[in-house]
1. Does any residue of region 185-198 turn out to be farther than 19 Å from residue 54 by Cβ and either in the same structural domain as residue 72 (by TED's automatic domain parsing) or modelled with pLDDT of 85 or more (or both)?
2. Among the residues of region 175-234, count how many are touching a helix residue (DSSP H, G or I) at 6+ places or on another chain (Cβ under 7 Å), hydroxyl-bearing (Ser, Thr, Tyr) and in a strand (DSSP E or B).
3. Which one is farthest from residue 97 (Cα to Cα), of the residues in region 156-172 that are in contact with a strand residue (DSSP E or B) (Cβ under 8 Å, 6 or more places away or on another chain) and surrounded by fewer than 19 Cβ atoms within 10 Å (Cβ to Cβ)?
Amino acid sequence: MISRMNEIQILVVEDEPSLAEVVSLYLKRAGYQVQVAADGKQAMTILEKQIPDFIILDLMLPEIDGLSLTRWLRDRSNVPIIMVTARREEIDRIAGLEMGADDYVVKPFSPQELVSRVRAVLRRTGREQAGAESERDLTFEDIFISPSTRAVTVRESSIELTAKEFDLLYLLARHPKQVFTRDQLLDRVWGGAEYIDPGTVTVHIRRLREKLELDPSSPTQLITVWGVGYKFEP
C-alpha cells in the first residue's frame, strides 16, 4: 500500500516564486506535505540529505538544470518525477522522458491538472504494490525478468532499466503475444491516459528496444502492431 496521503512528501523545484507558491498551495490542499527549492543547487542540497516520495521539477533552473538533476536522481532512485517546462518543442519533452522523467507539463498549466497527474502516478504505484504478491519471475530463451528484484538479464548480461521501462517491459512480457493499445499501456503503467502524451509510450518502447534488441531498427521481440499498439514476442 502507498503511504497515507498526508505522509507523502513532495519536493517542488521551481525558480518562479509565484508559481511555486500556487503549486505548493494546491498540493497542500490535496493533502500532501510540500517542500520548495528555488533553484537546482538548493534542490541538490535537499536531495543529498533525503529523497522525497515525489518530485515536481522545472526544466530550466539556475545553478543546476532540471535534466542534470533528473540524471543524478535516476542513478540513485526511482522516485516519480514530473518535469515542468516552458518549452513546447517536442525535442525538449522527449529529452526529459529520455532522462527518466515519468511525465511532464508545459507552462502555463492548470495547478489542478498537475495535482491530478500526481494522483495518477501514485495510483499506479499503489496498484503495482498491491499486486506484488501475484507477480512472478519470467524466463524466456534469452531474457530473464524478476519483479521482486527488478532485475533484467538479456543474453546472460544484466541491463539497467528505469522504473517505467521495467514496468512497461514486465507488463508486455507477462502477456506474450497480447497486443496492448497505447491507452491501455498508459493506464496500466502510468496510471491513466487523460493527462499524459501518448508519445510517452513510443519513447519508452524505443529505449527498451535499444537495450533489449540485437537490432533496434528491426525489433523481433518488442513488436509494433501498426494502427493498434505493441506486443511482446518471446
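The values are calculated or read from the model by the stated rules, or taken from the named source; none is laboratory data. As the structure is a computational prediction, the values presented were derived from the model and not from experiment. Using ideal geometry, Cβ is built from the backbone for each residue, glycine included, and neighbour counts are taken over all protein chains shown.
1. Scanning region 185-198 turns up at least one residue that is farther than 19 Å from residue 54 by Cβ and either in the same structural domain as residue 72 (by TED's automatic domain parsing) or modelled with pLDDT of 85 or more (or both).
2. The total comes to 1.
3. Of all residues in region 156-172, those in contact with a strand residue (DSSP E or B) (Cβ under 8 Å, 6 or more places away or on another chain) come to 158-159, 161, 166, 169-172.
Next, only the ones that are surrounded by fewer than 19 Cβ atoms within 10 Å (Cβ to Cβ) stay: 158-159, 171.
Details: 158: 22, 159: 19, 171: 19 Å.
Selected residue: 158.
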